[in-house]
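Contents: one structure, followed by commentary.
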Amino acid sequence: MAIISFLTQLFGATFLLLFAVRMVRTGIERAYGGWFRRMMTSGSSPLHQAPLGILMAIVLQSSAAVTVLVAGFAGGGVVSFPAGIAMVLGGDLGSALLIQVLSLRHDWLSPLLLVIGGMLFLKTERRALRQAGRIVLGIALILISLDLLRDTMEPIRDSDFLPAIASYLERDYVTAFIAGAVLAFVMHSSVATVLMCVAVVGIGALPMSVGISLVLGANLGSALIPVWLCRDYSAQARRIPIANLAIRGSAAVFALFMLNSAMAAEVLRNLDSAHELILLHICFNAALLLLIPACHLLEKPMAAVLPEPTDNNPKFDNPQFRSVLSDNTDLLPEQALAYLRREILRMAGIVAEMLRPVMDIYASPDPERVKTINEQDEVVNAALDGVRRYSAVLPEEALSQKQHKERRALVDYAIALEAAGDIIVKRLLPLAGEMHKDGLLFSEAGKDELEDIHWRVTENLAIATNVLISGDVESARALLENKAEMAKIERRSRKNHLKRLDLGNTESFATSDRHVETAYLLKEFNSWITTVAHPILAREGELLETRLVKS
């Protein structure tokens, strides 16, 4: 029974730690995700991007999350290879600095954070304050989980089992290194893994030398996480996670053998506190920043290892442009609806690709991109026709009432995606063309406002796609909250634009109609893509029938 009780407490503390880290990251992404994405794509100098990577990792509680975001932007050609590597290496240092902060013990801090976070999350209606409450609650739970972890390990510190394991790992530092890498990869969080190692070393359950090997292994494991998460990305996007793995992994292996050499072993015997273990972790990741000026040398080798496809015709090479609907009409209803969902996911992916370069096309004419977007719109239109035909041939008698509603909701969302694509092709792109023809550009303030709206819409489309996959009620609520927020932002942009007109801004006068219409069209695009949340919330009874006040 003692072993079962110990394992229950250990796994409970571990999963609470993972949940708390994810809770903080979710709150920050929902509240400030668009701002961070704009910051990541605003600069090109590697030395300028490294501090941003540090900040991103601290607030997102994960260097892997930073790497995945950077890889996505690199795949779209928005972030260069050297700048991306600098940001990723900065993210590694940021997560190490975060561990230093979270490892501090303040018994009075957790209850205070629980009170503040609970008040903000449960007693406020404003979305930003609620997400701030989620972040504060997550930090409090991280501190509580670490206390639970220390309390769990304390009773077995002097047992026969743990010293035997510790003695073996002390002799076989390679196994300890591999164990740290596996633990970080399985937990999908280097922050949680290193915090756990620090907590165990801090109570004396493991010697410092074993803790060092585990932490260095965690550095390798955390570099493996984004490689796995980006396995389906384009070749250009995967170059940065793999380059980061090569840099961080080889440095971790080198440090492992150096620190376990005879000379270093004498020095390590004088280290006896978890704080010194954290400092070694920080120093390791800080030393990697010295490699930033030489990171551009990896660009050609990575391009050789992961070359771009030679044929650039998307209609034949990109699976995104091929329908996934089955020709077999005798499928079970569950299978048929799964095919429909996959096809609509494909449509959502194409619409996302159409939306991404819109503001770039406003800034400078790009006939090739405009042509590609028009071709993509034709694919979306063809996909909608396929969805309608496929839905029509499904046998009515084989579908339950719930499946009827699901089929109708899927077809409705396919129509919404096609309408969103038409907004881009038939209204936004012609507006951009008119501006280029007249030689006009938005004012700096107006451009910033429209780019902010564009980023928010892009983020909402990603959330909508996740809702389509998961059917998650909380995400659906967040999507409709974002829709209401988008309406406020569009009104604020219109008000700011009118203020600039009153101040006599000539650029604002020249582009007045285009600015107001672009903001409105992006809001309309957002309205179409958020309709995926309506049937989910209606099913759960969380959607009002009318916004009118009842008399």
Förster radius 60 Å - calculated FRET efficiency between Ser261 and Asp448 (Cβ-Cβ, nearest 0.05): 0.65
Estimated inter-spin distance, Lys488 and Trp108, nm [label 7 Å along Cα→Cβ]: 3.5
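Highest mean first, how do 83-93, 186-196 rank when packing is the count of other Cβ atoms within 10 Å averaged over residues?
On the way: 83-93: 29.2, 186-196: 24.9.
Descending packing order for the listed peptides: 83-93, 186-196.
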For the range 458-471, in order, what is each residue's ³J(HN,Hα) by Karplus, 6.51 cos²θ - 1.76 cosθ + 1.60 with θ = phi - 60°, in whole Hz (x at glycine and Pro)? 4, 5, 5, 5, 5, 5, 4, 5, 5, 5, 4, 6, 8, x
Subtract the Cα-Cα distance of Val101 and Val186 from 0.36 nm times their separation in residues, and report this length gain in nm to one decimal. 28.2 nm
Where a ≥ b ≥ c are the square roots of the eigenvalues of the C-alpha gyration tensor, would you call the range 408-495 rounded, which needs a/c under 1.5, or, failing that, prolate if a/b is larger than b/c, or oblate? oblate
Between Ala363 and Ala294, what FRET efficiency comes out of the Förster formula 1/(1 + (r/R0)^6) with R0 = 25 Å and r the beta carbon distance, rounded to 0.05? 0.15
Computed Rg/Rh of the range 315-539, alpha carbon atoms with Kirkwood Rh: 1.04
Two-site label geometry, Val473 and Tyr520: point separation in nm, points 7 Å out along Cα→Cβ: 3.8
Per-residue HN-Hα couplings for the range 253-260 [Karplus 6.51, -1.76, 1.60; θ = phi - 60°; Hz; x = Gly/Pro]: 5, 4, 5, 4, 6, 5, 6, 9
Could you sort 290-296, 358-364 so that the peptide with the highest average Cβ count within 10 Å comes first and the rest follow in order? 358-364, 290-296
Mean projected area, convex hull of alpha-carbon positions in the range 386-458, reported to one decimal in nm², is 6.8
What FRET efficiency would be calculated for the residue pair Thr372, Leu10, taking the C-beta separation as r and a Förster radius of 60 Å, to the nearest 0.05? 0.70
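Readers should treat all values here as calculations from the given coordinates under stated rules, not as data from a laboratory. Computed from a prediction, not measured in an experiment: that's the story for all the values here. Using ideal geometry, Cβ is built from the backbone for each residue, glycine included, and neighbour counts are taken over all protein chains shown.
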